[in-house]
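Enquirer: Below you will find the structure I want to go over with you.
Derivation of every value follows stated rules applied to the coordinates shown; laboratory data play no part. The shown structure was predicted, so the numbers you read here are calculated from the model rather than taken from an experiment. Cβ sites come from the backbone with ideal geometry, for glycine too, and all protein chains shown count toward neighbours.
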Amino acid sequence: MGEAVQAHSVHEAPAGFIRKYIFSYDHKVIGIQYYMLALFSVFLGMTLSVLVRLNLAWPGTEVPILGTIFPEGAPDGVMTPEFYLSMLTMHGTIMVFFVLTTAPQSGFGNYFLPIQIGADDMAFPTLNMLSFWVTFLSLVVMVAAIFVQGGAPISGWTAYPPLSALGEIAGPGLGTGQSLWILSVAIFCIASLLGAINFIVTTIDMRAEGMSMMRLPLTCWAWFVTAILALLAFGVLLAAGVLLLMDRHAGTSFFIPGGLVVSDKLIDHKGGSPLLWQHLFWFFGHPEVYIAILPGMGAASHILSTFCRKPIFGYKAMVYALMGIGFCSFLVWGHHMFMSGMSPYTAIVFSLTTTAVAVPSAIKTFNWLGTLWGARIQFTTAMLWALGFVSLFVTGGISGLFLNQPAVDVYLHDTYFVVAHFHMIMGVAAIFGIFGGTYYWFPKMFGRMLNETWGKIHFWITFVGVYAIFMPMHFLGFAGHPRRYAELTSFEFLEPLAAVQKYISMFAFTTIAAQFIFLAIFFWALFRGKKADINPWKATTIEWSVPTPPPHDNFGGEFPVVHRGPYEYSVPGAAEDFVPQTAPDVATAKS
Amino acid sequence: MFFAIIIWLITLVSVVLTVGKYWWLPELASEHGVALDRQFMLTLVVTGIIFVLAQVALGYLVVRYKDRPGRTADYSHGNDKLEVVWTLATAVVFFALVIPGQSIWASLHLIPPTEDVVRIEVTGQQFSWNIRYPGADGKFGQLKPELTDDSGGNALGLDPDDPASSDDLVVPVMAVPVNRNIELMLRSKDVTHAFFVRELRIKQDAVPGMTIPLRFKPTKIGHYEVACAELCGLGHHKMRSTIQILSDEDYASWLKDQAEE
C-alpha cells in the first residue's frame, strides 16, 4: 500500500485564495465546504419545518413576511394548502439530500477518511472538487425551485408520478418547480456518484503501511460501505429522474398510463406504469436511509470507544454488521410499496428480507451496550450525542417492526406513525451522529475547542425535544392520522388530534430555537474558541497524531506506519490509557 | 446520573402514554381486523419490551460505569460467543413475530373471492371518490375515458351504448351490507390515491392504469369516514367520502333510493 501512496502525490500546496479555499483540491477544504453547505441546508430545511408546523397547529396564522415573498403561495401571509405541501416537499428533499447525505459522508468523510487511513489526500482530488461543486449547483437549482412561477412542487420528496409527471394541470408547483426539482436531484446523483467512486478507491488503494482493512477505524468502514451503497443506489435514481424528465418534456410515457383524465381533460399518454417509478425510487430510497445513518453509526462507535476508554466491543461483528446492513438494504425496497398495488406475494418476500435487516442493526446496538459495559465513561458533549444516538437508534429502529409486516402496515402506512419512524431513525438519529462528530472533530478541523457547557445545554434541549416531538407522532399514527394533510378540518376523526399537533409544534419550536445555541457556539469557537491541542480527547486514531489543523499533505511529508487496531484504550501495561495506531511500542507509547 | 434519569423518565412517559391508550385505533368493524389488531398488539408488546430493556440498560450502564477516581476500564475486544447468542436470539424473536403475521396478509390478498362477493367499483379523482354499483344486471358497463365529462355528470366516462351501463349507479358515498364478503375494485382517473377506512382496517392505493381488488367483510353496522392516504395534490386533505355498513334490508332500500334519485 505504501507504494500507492507514494505514486499518488499529485498536488502542491496551493498559493492563491481561490485555489486554496474555493476551487480547492484539498480534501480537508472540500470536507469543510460540504459541511458548511449542509449547515446552510439544515437551517433552511428547519425554517421550512417551522412553516409546516405552524400551518398544522395554527392554520390561518398571518405571517406578513411570507405574503411579501410569496404573494401567490401565501396571500396576505396566510399559507395555502399547496404552499404547505411545497414547503413539506422542500423540507424533506433538502434534509435528505443536502443534509443527511452530505454532512456525515461527504463532510466528515472527506476530511477524515484520508487522514484516518494515512493518506495525503483522496485518490482523485480533481474529481473531489468537482463533486462538491456539482452538489453546490444542485442546491442552487433546488432552492431556485422555490422561487419560480407556481412555486416548489407539491408532490412530496418521493415525487410519485403521475402527479409529478403531468405538469401544472395536476396542481400548482408541478410545472417549472417540479422540473427544477427533478433536475436538481439528477445533478445531485451525479455528484454523489463521483464522490462514491473517490471514497471507494481511496479506501482500497491509499491506506498507509500497516493499515490493513481490519485495522480501519469503524468510521472508515462506515464511509466505505456507504460509498458502495451510494454508487449502486444513485445511479438508479439518476436513471429514474431522467425518465421522469422525459415524460414531462419529451413526450415519453414511462410512468404515465393511458386513458388518464385530469381536471376533465384527456391526457395524451399511454403505456406507462406509475409503479415503475416507485420501484426505481425505492431501490434508491431504502439504501438512502442507510447512506444517511451508517456514517452516524461509524461516528457513534468511534466516539463511544474514545470516551469509554475501552476498545470497541466486537470490532469484527461491527464490520460484518455494516456489510450485512449494506447488502440487505438492496433487498428491502418493496416494504415501501405494500399498499402500492404490486403483487401481494412479493410483499411477503420483502417483509422477510426487511426482518433480516433488523438483525445486524440489533447487533450494532448490543455491541454499543457491550462497549459501555466495564467502561470508564467520560461525559464529554460528543459522548452525550453518541449516547443519544444509541437511544434514538433503538427507538427509531423498533418501530420498523410494525411497518415491515404488510398486515400491520395496512393500518399504519402513510400515517404519522411512519413520519415518527423515519424522523427518529434517519432524521434525528443521523443528526445526532452529525452533532457527535461535530463536537468530537471540531478541534481538529478548526484548531479550536467548542464550548462544552453550552454544548451540553444544546444537547439536553435537543434530546428531550426530539422525543417530545416524535413520540406523540406514533400515537397520531395509532389514531390513523394520515400524513401530508395540509388542513385537519375535513375529517371528524382528526378533530380530537388537533391538540396533539399543537403540542408537537410547541416542542418543535423550542427544539429549533435551541439549534441557534449551536450556531452561536459554532461561530464563536471558530474565531474565539480555546486553542486545541493535537489530541484533546487522548484518542488513538491517526487524525489525533497529526498537527492541528493538519498541514496540506496531512503528515508533513512523513507517511505514518500503522502498528495496531484503531481502538486500543486502557491497554494493560501501557504508559497511558490509550495507544495510538502509529505508536511503534505499547509499553512506552506516548501521545 | 442525570443522563440515566432523563432517559428513564422518557421511557416511563412513553410507556404510560401508550398503555393509557389516550390515542388509539378506533373501534373495529371488519372480520380480518381481529387478527390484524391482535398482531398489532403483539408487535407493540414485543417492541415495547425491547424499547424498555434497551433504554433502561443504557441508563444503567452510564451510571454504573461512569468515570470515577481509581476506576480503570476493562481491556476487552468483545466476546464471540455472546455475539452468536444475541444474533441468534434477535433473529429468532424477530422472525417468530413476523412470520406468523403473514397469514393475515395472505387471508386478505391471496385467497380468491367467494362466489357471493359483493363487488363495488371505487374510482379516485382529484379530490373525490366515485362509487359505482353494477345495478340489477350485476354487470358494470364499459368505460371510455374520452367520454369523461365531470360537469356533464359522467365522471367515469360511462359508455351509453353499452346496455350493461344503463342501470349502473355512480354515487359519491358508499354503503355495503354487513357480514358479507365485499370486494372493492380500486381505480383512479388521474393520479395515485389510496382508499383508507380506519375502522375497517383497510388501506390500498388506487393507481391509474390498474384495477386493484380490496377485500374485506364488515362486521359492525355503522357510519365511517373514508380518507385518501396517498398524496394526490393540493386537495388531498379534503378527499373525503363515507361508508355505511347496513343490514341487508337497509342496504337493499339504500340501493333503491339511490337509483331513484
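Enquirer: Average partner chain C-beta neighbours within 10 Å, per residue of B:218-229? Let's see the in-between values first.
Expert: Working: counts 0, 0, 0, 0, 0, 0, 2, 6, 1, 10, 4, 9.
Shielding by partners across B:218-229 averages 3.
Enquirer: Could you check how many percent of all C-alpha pairs in region A:146-268 are farther apart than 22 Å?
Expert: Details: 3683 of 7503 pairs.
For region A:146-268, the share of Cα pairs beyond 22 Å comes to 49 percent.
Enquirer: A further question on this structure: Which whole-Hz couplings ³J(HN,Hα) result when phi for each residue of region A:164-173 is put into the Karplus expression 6.51 cos²θ - 1.76 cosθ + 1.60, θ = phi - 60°, listed in order with x for Gly and Pro?
Expert: Taking θ as phi minus 60°, the curve returns 7, 9, 8, x, 4, 4, 8, x, x, x Hz for region A:164-173.
Enquirer: Whole Å is fine, so just give me how far the alpha carbon centre of region A:517-576 lies from that of region B:9-84.
Expert: Each part reduced to its Cα centre gives a spacing of 36 Å.
Enquirer: Return the sequence-ordered ³J(HN,Hα) values of region A:49-66 in whole Hz as given by the Karplus equation 6.51 cos²θ - 1.76 cosθ + 1.60 applied to θ = phi - 60°, using x for Gly and Pro.
Expert: So the Karplus estimates, Gly and Pro as x, are 5, 4, 5, 4, 5, 4, 5, 6, 8, 10, x, x, 4, 8, 10, x, 5, 5 Hz.
Enquirer: Let me ask another. Give me the number: length gained by fully extending A:ILE169 to A:PHE147, i.e. 0.36 nm times residue separation minus the C-alpha to C-alpha distance, one decimal in nm.
Expert: On the way: separation 22, 0.36 × 22 = 7.92 nm, distance 1.92 nm.
Value of the extension gain: 6.0 nm.
Enquirer: Still on this structure, I have one more. At most 16 other Cβ atoms within 10 Å and a DSSP loop assignment: could you name the trypsin sites (Lys or Arg not before Pro) in region A:169-270 that fit?
Expert: Numbers: sites: A:ARG207, A:ARG215, A:ARG248, A:LYS265, A:LYS270; in loops: A:ARG207, A:LYS270.
The qualifying sites are A:LYS270.
Enquirer: Please compute the modelled spin-label separation between A:LEU127 and B:ASP116, points set 7 Å along Cα→Cβ, answer in nm with one decimal.
Expert: Reported label-point gap for B:ASP116 and A:LEU127 is 6.8 nm.
Enquirer: Grab the eigenvalues of the alpha-carbon gyration tensor for chain B, scale each by 5, take roots, and send me the semi-axes largest first in whole angstrom.
Expert: Details: eigenvalues 539, 74, 66 Å².
Semi-axes (√(5λ), whole Å): 52, 19, 18.
Enquirer: With springs only between Cα atoms under 10 Å, which of B:TRP86, B:TRP129, B:TRP24 fluctuates most in a Gaussian network model of chain B?
Expert: It is B:TRP86.
Enquirer: For region A:322-392 and region A:144-169, compute the distance between their C-alpha centroids and round to whole Å.
Expert: When both Cα centres are located, 32 Å separates them.
Enquirer: So, one more: Which residues make up the longest stretch of chain A clear of GluC sites (Glu not before Pro) that lie in a DSSP loop with no more than 16 other Cβ atoms within 10 Å, not counting the sites?
Expert: A:73-557
Enquirer: Given labels modelled 7 Å from the Cα in the Cβ direction, how far is it in nm from B:SER76 to A:PHE23?
Expert: Result: 5.6 nm between the two label points.
Enquirer: Looking at A:LEU39, A:GLY156, A:LEU245, which one has the Cα that reaches farthest to the positive end of the dipole of the protein assembly as shown (charges on Cβ: Lys, Arg +1; Asp, Glu -1)?
Expert: A:LEU39
Enquirer: In whole angstrom, how far apart do the alpha carbon centroids of region A:447-468 and region B:101-169 sit?
Expert: What the calculation gives is 57 Å, centre to centre.
Enquirer: Between B:ALA206 and residues 5 or more places away or on another chain, which pairs have amide H atoms under 5 Å apart, with H built 1.01 Å from N, and which residues are they?
Expert: Residues meeting the criterion, in which the H sits 1.01 Å from N, are B:HIS193, B:ALA194, B:PHE195.
Enquirer: Stretched out fully, how many nm does the piece from B:ASP248 to B:ASP67 gain, at 0.36 nm a residue minus the Cα gap?
Expert: On the way: separation 181, 0.36 × 181 = 65.16 nm, distance 7.23 nm.
Going from the current span to full extension adds 57.9 nm.
Enquirer: Still on this model: Could you list, in their original order, any pairs among A:LYS364/A:LYS444; A:LYS265/B:LYS189; A:LYS316/A:LYS538; A:LYS444/A:LYS531; A:LYS316/B:LYS81 whose Cα atoms are separated by more than 19 Å?
Expert: Correct reply: A:LYS364/A:LYS444; A:LYS316/A:LYS538.
Enquirer: Region B:23-110: which trypsin sites (Lys or Arg not before Pro) are DSSP loop and have at most 16 other beta-carbon atoms within 10 angstrom? Working shown, then result.
Expert: Values: sites: B:ARG38, B:ARG64, B:LYS66, B:ARG71, B:LYS81; in loops: B:ARG71.
Within region B:23-110, the qualifying trypsin sites (Lys or Arg not before Pro) (loop, at most 16 other Cβ atoms within 10 Å) are B:ARG71.
Enquirer: Write out the trypsin sites (Lys or Arg not before Pro) in region B:205-261 meeting two conditions: DSSP loop, and at most 14 other Cβ atoms within 10 Å of their Cβ. All intermediate terms of the calculation are to be shown ahead of the outcome.
Expert: Working: sites: B:ARG215, B:LYS220, B:LYS238, B:ARG240, B:LYS256; in loops: B:LYS220, B:ARG240.
Filter output for region B:205-261: empty list.
Enquirer: OK, next. Have a look at B:ALA206, B:ALA89, B:ALA54 and tell me which one the Gaussian network model of chain B (Cα, springs below 10 Å) gives the largest fluctuation.
Expert: B:ALA89
Enquirer: Right, something else. Round to the nearest 10 and give me the degree value, 0 to 90, for the angle of helix B:32-64's Cα axis relative to the longest principal axis of chain B.
Expert: That helix lies at roughly 20 degrees to the long axis.
Enquirer: Between B:ASN179 and A:MET323, how high is the FRET efficiency from 1/(1 + (r/R0)^6) when r is the Cβ-Cβ distance and R₀ = 60 Å? Nearest 0.05. Display every interim value, and only then the final one.
Expert: Numbers: r = 52 Å, r/R0 = 0.87.
Given R0 = 60 Å and the Cβ-Cβ separation, E is 0.70.
Enquirer: Express the Stokes-Einstein translational diffusion coefficient of the protein assembly as shown in µm² s⁻¹, to the nearest whole number, given a Kirkwood radius over alpha-carbon pairs, 10 °C and a viscosity of 1.306 mPa s. Display every interim value, and only then the final one.
Expert: Numbers: Rh = 28.3 Å.
Estimated diffusion coefficient is 56 µm²/s.
Enquirer: Take the Cβ-Cβ distance between B:SER103 and A:HIS249 as r, set R0 to 41 Å, and report the resulting FRET efficiency rounded to the nearest 0.05.
Expert: Working: r = 47 Å, r/R0 = 1.15.
That gives a FRET efficiency of 0.30.
Enquirer: Which one, B:VAL171, B:PRO218, B:GLY157, projects farthest toward the positive side of the charge dipole computed for region B:118-260 from Cβ point charges (K/R +1, D/E -1)?
Expert: B:PRO218
Enquirer: Mark the label point 7 Å from the Cα of A:VAL242 along Cα→Cβ and return the residues of region A:181-213 whose backbone N is within less than 19 Å of it.
Expert: Of the residues in region A:181-213, A:181-197 have backbone N under 19 Å from the label point off A:VAL242.
Enquirer: Same structure, new question: Against the longest principal axis of chain A, how steep is helix A:344-372, in degrees 0 to 90 to the nearest 10, with axes from Cα atoms?
Expert: 30 degrees
Enquirer: Using helices alone, what [θ] at 222 nm do you get for chain A, with -39,500 (n - 2.57) per DSSP H run of 4 or more residues, divided over all residues and rounded to the nearest 500?
Expert: Numbers: 18 runs with 339 residues, N = 591.
Roughly -19500 deg cm²/dmol at 222 nm, from the helical runs in chain A.
Enquirer: Okay, next question. Choose one answer from B:ASN181, B:ASN130, B:ASN79: the residue with the largest mean-square fluctuation in a GNM of chain B with alpha-carbon springs under 10 Å.
Expert: B:ASN79
Enquirer: Another question, if that's okay. Can you compute 3J(HN,Hα) from phi for each residue in region A:332-343, using the Karplus curve 6.51 cos²θ - 1.76 cosθ + 1.60 with θ = phi - 60°, rounded to whole Hz and x for Gly and Pro?
Expert: Along region A:332-343, the couplings run 10, 4, x, 6, 7, 10, 4, 9, 7, x, 6, 4 Hz.
Enquirer: If R0 is 25 Å, what FRET efficiency do you get for B:TYR60 and B:VAL85 from their C-beta distance, rounded to 0.05? Walk me through the numbers on the way to the answer.
Expert: On the way: r = 20 Å, r/R0 = 0.80.
The computed FRET efficiency comes out at 0.80.
Enquirer: Quick check: the angle from helix A:125-147's long axis to the longest principal axis of chain A, C-alpha only, nearest 10 degrees?
Expert: Roughly 30 degrees, rounded to the nearest 10.
Enquirer: A further question follows. If a paramagnetic tag sat 7 Å from the Cα of B:GLN142 along the Cα-Cβ line, which residues of region B:106-123 would have the backbone N under 20 Å from that point?
Expert: Zone members listed by number: B:121.
Enquirer: For region B:118-260, I need the span (max minus min coordinate) of the C-alpha atoms along each principal axis, in Å, sorted largest to smallest.
Expert: Dimensions of region B:118-260 along the principal axes of its Cα atoms: 40, 35, 23 Å.
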